[in-house]
1. Give the residues of the stretch 14-47 that are aliphatic (A, V, I, L, M), assigned to a loop (DSSP other than H, G, I, E, B) and either open to solvent by less than 30 Å² (accessible area, probe 1.4 Å) or touching a His at 6+ places or on another chain (Cβ under 8 Å) (or both), sorted by residue number.
2. What is the number of the single condition among (1) over 12 Å from the mean Cα position of the chain (by Cα); (2) without any contact (Cβ under 8 Å) to a residue 40 or more places away in the chain that Pro1 does not meet?
3. In the stretch 63-80, is there at least one residue being open to solvent by 50 Å² or more (accessible area, probe 1.4 Å), more than 19 Å from Ala13 (Cβ to Cβ) and in a strand (DSSP E or B)?
4. Under 10 Å from the mean Cα position of the chain (by Cα) and either at pLDDT 90 or above or over 22 Å from Gln80 (Cβ atoms) (or both): is that true of Leu31 in this structure?
5. So, in the stretch 52-61, how many residues would count as being in contact with a strand residue (DSSP E or B) (Cβ under 8 Å, 6 or more places away or on another chain), free of Cβ contacts under 8 Å to residues at least 40 places away in the same chain and either open to solvent by 70 Å² or more (accessible area, probe 1.4 Å) or on the phi > 0 side of the Ramachandran plot (or both)?
Amino acid sequence: PSTAVVEQALAGANVFTMASGELPNELKFFLYCKDSVTGSILLIQSNIGKLDPEPSMILTVKIHGGGQGMEQTMVDQLTQIFQGALG
């Protein structure tokens, strides 16, 4: 996939791109979204490998504001959003 295809799919799920780029082995994204329940902002770094026959993705998530004790739930929901948008 290209960065544009990934960005468009995620924007449809209300995950927005701050920056992205293509490296020889991976696509790299810096993204953000807002949790509709807690109002927390989730800052996301995502790397999608390009060389493996089965694409792999790494997500690093920082949560700012609200949602104390709900961090794992928010990350689990975010993971489902990514899988649904890019699956």
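The values are calculated or read from the model by the stated rules, or taken from the named source; none is laboratory data. The shown structure was predicted, so the numbers you read here are calculated from the model rather than taken from an experiment. So basically every Cβ, Gly included, is an ideal-geometry build from the backbone, and we count neighbours across all protein chains shown. These accessible areas exclude ligands, DNA and RNA; they are computed on the full protein's heavy atoms, side chains included. Shrake-Rupley method; radii C 1.70, N 1.55, O 1.52, S 1.80 Å.
1. Kept after step one, since they are aliphatic (A, V, I, L, M), are these residues of the stretch 14-47: 15, 18-19, 23, 27, 31, 37, 41-44.
Right, trim to assigned to a loop (DSSP other than H, G, I, E, B) and you get 15, 23, 37.
Scanning the stretch 14-47 gives a single hit, Val15.
2. Answer for Pro1: the failing condition is (2).
3. Yes, the conditions are met somewhere in the stretch 63-80.
4. Working: under 10 Å from the mean Cα position of the chain (by Cα): yes; either at pLDDT 90 or above or over 22 Å from Gln80 (Cβ atoms) (or both): yes.
Yes.
5. Step one: of the stretch 52-61, the residues in contact with a strand residue (DSSP E or B) (Cβ under 8 Å, 6 or more places away or on another chain) are 55-61.
This time we only want the ones that are free of Cβ contacts under 8 Å to residues at least 40 places away in the same chain, so: 56-61.
Pick out the ones that are also either open to solvent by 70 Å² or more (accessible area, probe 1.4 Å) or on the phi > 0 side of the Ramachandran plot (or both) and you get 57-58.
Of the residues in that region, 2 qualify.
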